[in-house]
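Novice: Starting off with a structure, shown below.
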């Protein structure tokens, strides 16, 4: 069955370290998204991609970057982790056929 | 500026009764609305959607109502079941745009 996976599921890191969160989907969807979920804020869009080599900033993109070298993967990199980036991160994918976004299980990131 | 608002952080409903979750939006360009359900330690899952050309959409126990003039939508669950206990997110999208804007979520608890 097609699916969307995220790794790691849990990560603890230190302030200033570079961290990369993986997202892999086997739906063959063109669109991929990264969100963070924080209490009182719901899900906020970090970055998104509409296809290979395409990346765009979302509403909370500062301190994050993404790259899209193939259809299946959209890794999210925190260049220099900050305590404010402690959150739960969700990856999602979609295309015009599905007309909705399918989410991965999430990565809980703690920055100490 | 919160373009999608869920003003009730939590809601408790007796099993078998109707649950009504509310959502307001401010962006008049939104033309497609979705509800997602989220269990702890899992990613959000799509529940039901509605296009702005409709005012009601039903799927089994779930019905979404859209009042465009009031910029308000609601999700009705009837009858409510214990498995419906979860956080519910309202989301909106504007025409030609695959990005979703999410509300802050409402935690629904069904009391047996």
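Novice: Looking at (1) under 22 Å from residue A:37 (Cα atoms); (2) within 14 Å of chain A (Cβ to nearest Cβ); (3) more than 12 Å from the chain's Cα centre (by Cα), which is the one condition that is false for residue B:85?
Specialist: (2)
Novice: Restricting to region A:68-87, what's the tally of residues that are surrounded by 17 or more Cβ atoms within 10 Å (Cβ to Cβ) and farther than 18 Å from residue A:51 by Cα?
Specialist: Here the count works out to 4.
Novice: For region B:99-112, give me the residue count where each residue is at pLDDT 95 or above and surrounded by fewer than 14 Cβ atoms within 10 Å (Cβ to Cβ).
Specialist: 1
Novice: With A:65, A:49, A:61 as the choices, which residue is part of a loop (DSSP other than H, G, I, E, B), touching a strand residue (DSSP E or B) at 6+ places or on another chain (Cβ under 7 Å) and within 17 Å of residue A:77 (Cα to Cα)?
Specialist: A:61
Novice: Would you pick out the residues in region A:65-95 that are over 15 Å from residue A:13 (Cα atoms) and free of Cβ contacts under 8 Å to residues at least 40 places away in the same chain?
Specialist: Residues satisfying the conditions are A:65, A:66, A:67, A:68, A:69, A:70.
Novice: Which residues, taken from region A:99-112, are within 9 Å of chain B (Cβ to nearest Cβ) and touching a residue at least 60 places away in the same chain (Cβ under 8 Å)?
Specialist: A:101, A:102, A:103, A:104, A:105, A:106, A:108
Novice: While we're here: Tally time: how many residues in region B:1-26 are over 23 Å from residue A:40 (Cα atoms) and either at the interface with chain A (Cβ under 10 Å from one of its Cβ atoms) or part of a loop (DSSP other than H, G, I, E, B) (or both)?
Specialist: So the answer is 4.
Novice: Looking for something farther than 30 Å from residue A:107 by Cα and away from chain A (no Cβ under 14 Å) - is there at least one such residue anywhere in region B:29-50?
Specialist: Among the residues of region B:29-50, at least one is farther than 30 Å from residue A:107 by Cα and away from chain A (no Cβ under 14 Å), which makes the answer yes.
Novice: Something else: Evaluate the following for residue B:96: is it surrounded by fewer than 18 Cβ atoms within 10 Å (Cβ to Cβ) and free of Cβ contacts under 8 Å to residues at least 24 places away in the same chain?
Specialist: In short, yes.
Novice: Does residue A:56 meet the test of being surrounded by fewer than 16 Cβ atoms within 10 Å (Cβ to Cβ) and in contact with a strand residue (DSSP E or B) (Cβ under 8 Å, 6 or more places away or on another chain)?
Specialist: For residue A:56, the condition - surrounded by fewer than 16 Cβ atoms within 10 Å (Cβ to Cβ) and in contact with a strand residue (DSSP E or B) (Cβ under 8 Å, 6 or more places away or on another chain) - is met.
The values are calculated or read from the model by the stated rules, or taken from the named source; none is laboratory data. Computed from a prediction, not measured in an experiment: that's the story for all the values here. Cβ atoms come from the backbone with ideal geometry, glycine included; neighbour counts cover every protein chain shown.
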